[in-house]
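Have a look at the structure below before the remarks.
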Amino acid sequence: MPMVKGVAFRSVMESVEELGGPTARDRTFEQLPTELRKLYEYRSLLAGNWYPIEDYVALWKAVHKGMGSHADTPHKIGRCCVRRDVGGVHKFIIGFLSRETVVALSARLFRLYYDTGVAKTDLVGQRMARVTFEGCKGFSGLMWAEVVGSTEMFTEVGSKLSARAFLESGGGDGDERAVIAVSWG
C-alpha cells in the first residue's frame, strides 16, 4: 500500500488555515473521515510517520470541499506548503545552489513525502525543466495539482525568480504518471 509522510498531512492543514482562515479549517475538518479527523484532533498525526495514501486522498477531498471546490486551491496549497516547509536554514542553503541543481533537487525531495513513484528532472532549456513522475500509485488529480504548485514554489525559492509550472501530461485521478513543465525567470 502506498504511503505518505505525516509532514505532508500537517503542512496541508496548516496551509488551509493560512490561506482560508479558521472557517476553512473547520469546514475541512467536518469533511474528513472520522478516523483521520481523530488523528488531527488528538494531535497523534506525527510528521515522521507514514500514513496510507487513501487517507491523503481523503484529506484532499475534504480540503477541496472545505475550501469551496476552487480549481486552483490545490496549486495554491502546494505553493504554501513548500514556502512553509522550506524555511530558515533550508532556504539559506538552497540559496547557494545553482538554479539547475535546485530544480533537480525537487525531484529527489518527492521521495521524502511519498514512498511510491519516482521523479526525474530534465533541463530542457536555459530556464526550463521537465519533471517526469512515474509509478505514483494512488494519486488523485487534486494531489497532482498540489505537486504542480509545490514544484513551482520550490523552483522559485531556489532560483529567486518567479516560476510557472503546469501539467504537460497525465495528472488525473488514478494516473500513475505525470509530466510537469516548470520555467523560471
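Please treat every number below as a calculation from the coordinates, not as lab data. All figures in this text were calculated on a predicted structure; none of them were measured in a lab. In this analysis, Cβ positions are derived from the backbone assuming ideal geometry, glycine residues included, and neighbour counts consider all displayed protein chains.
Among 11-22, 26-37, how do they line up from the highest to the lowest mean number of other beta-carbon atoms within 10 Å? Please report the intermediate quantities before stating the final value.
Working: 11-22: 17.8, 26-37: 15.4.
Ranked by mean Cβ neighbours within 10 Å, highest first: 11-22, 26-37.
State, to one decimal in nm², a quarter of the convex hull surface area for the C-alpha atoms of the chain, i.e. the direction-averaged projected area.
With the hull built on Cα positions only, its mean projection is 9.7 nm².
Under the 0.36 nm per residue contour assumption, what length would be gained going from the current alpha-carbon distance of residue 46 and residue 29 to full extension? Mind dumping the intermediate values first?
On the way: separation 17, 0.36 × 17 = 6.12 nm, distance 1.72 nm.
Using 0.36 nm per residue and subtracting the Cα-Cα distance, I get 4.4 nm.
Using 0.36 nm per residue, how much length does the chain from residue 84 to residue 173 gain when fully extended, once their Cα-Cα distance is taken away?
Details: separation 89, 0.36 × 89 = 32.04 nm, distance 2.64 nm.
Extending this stretch completely gives an extra 29.4 nm.
What percent do you get for the relative contact order of the chain when only Cα pairs under 8 Å and 6+ apart count?
23
So, with +1 on the Cβ of K and R and -1 on the Cβ of D and E, and no other charges, what is the size of the charge dipole of the chain about its Cα centre, to the nearest 20 debye?
460
Quote the FRET efficiency, to the nearest 0.05, computed for residue 160 versus residue 105 with a Förster distance R0 of 25 Å and r equal to the Cβ-Cβ distance. List each step's numbers first, then the result.
Values: r = 15 Å, r/R0 = 0.59.
My answer for the efficiency is 0.95.
Using alpha carbons only, how many degrees (0 to 90, rounded to 10) separate the axis of helix 73-85 from the longest principal axis of the chain?
80
Kindly give Rg over Rh for segment 3-71, based on alpha-carbon atoms, with the Kirkwood expression for the hydrodynamic radius.
Rg/Rh: 0.93.
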